[in-house]
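First up is the structure itself, then whatever we jot down about it.
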Amino acid sequence: MVVGAFPMAKLLYLGIRQVSKPLANRIKEAARRSEFFKTYICLPPAQLYHWVEMRTKMRIMGFRGTVIKPLNEEAAAELGAELLGEATIFIVGGGCLVLEYWRHQAAAELGAELLGEATIFVVACGCLVLEYWRHQAHQRRKKRERHSAWNAMRDEVDHLALALEALQDRVQAAPLQSALEELQAQMREVRAQLCARDPPSAPQATPKE
């Protein structure tokens, strides 16, 4: 988006930089027209700048102790107006740089905070993923154990079914005659036991003549 690519703060700073030059020109024109600006604001900085500049040039060229003549009022006013305009542009540009630096610092702090929160979020997500994998492994292990127990139970049931079928086959293969003889022998034993338990019958009385 355009707002994200060109923030309003940057547009404002760019506008201030562009407006600073016409503002400096207006300040220079006002300094030329106003006696107060000319006398107290433009002339002292201009004379000082002229004195420092000429002193430096003379020292470089090897002239020492030379008296420097001050600028006339018109030239000093012109130079002072130029210096005032340059100072205005410098102050505005420096203010923009300071504001940009503060904005960059705020963005860096915000980025560091966001990075810390993102790191915490990533670590938390990693812990959740590890916990999910551990839970899934536990569920798979329990499922394998249940499957193994079910298979063991099914094998045991199959073994019991085979044993029952073998027993049924053995019962059906036994001769019926031996079963009948065994049953008759048991009945005789029961009859003998019953006879042994019955009391002897009383003698019958003879009729009298």
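The values are calculated or read from the model by the stated rules, or taken from the named source; none is laboratory data. Values in this document were obtained by computation on a predicted structure and should not be read as measured data. Don't worry about glycine lacking a Cβ; one is built from the backbone with ideal geometry, like all the others, and counts go over all protein chains shown. All accessible areas refer to the heavy atoms of the entire protein, side chains included, with ligands and DNA or RNA removed. Shrake-Rupley method; radii C 1.70, N 1.55, O 1.52, S 1.80 Å.
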Considering only region 82-108, state which residues are closer than 21 Å to Cys42 by Cα and aliphatic (A, V, I, L, M).
-> Leu83, Leu84, Ala87, Ile89, Ile91, Val92
Failed condition for Leu79, given (1) more than 30 Å from Ile41 (Cα to Cα); (2) open to solvent by less than 50 Å² (accessible area, probe 1.4 Å); (3) not small (Gly, Ala, Ser) | (1)
Can you run down the residue pairs with Cβ atoms below 9 Å, 6 or more apart or on separate chains, where the first is in region 58-70 and under 22 Å from Pro45 (Cβ atoms) and the partner is part of a loop (DSSP other than H, G, I, E, B)?
-> Met58/Arg64; Met58/Thr66; Met58/Ile68
Taking region 47-70 and keeping residues aliphatic (A, V, I, L, M) and open to solvent by less than 50 Å² (accessible area, probe 1.4 Å) leaves Met58, Ile68
Has region 96-113 got any residue that is under 30 Å from Ala30 (Cα atoms), aliphatic (A, V, I, L, M) and touching a residue at least 60 places away in the same chain (Cβ under 8 Å)?
-> yes
Among residues of region 84-114 being closer than 16 Å to Phe37 by Cβ and open to solvent by less than 50 Å² (accessible area, probe 1.4 Å), the residue modelled with the lowest pLDDT is Gly85
How about region 119-155: which of its residues are among the aliphatic types (A, V, I, L, M) and either open to solvent by 80 Å² or more (accessible area, probe 1.4 Å) or at pLDDT below 85 (or both)?
-> Ile120, Val122, Val123, Leu128, Leu130, Met153
Taking Pro45 as meeting all but one of (1) at pLDDT below 80; (2) under 60 Å from the mean Cα position of the chain (by Cα); (3) not acidic (Asp, Glu), write down the number of the exception.
-> (1)
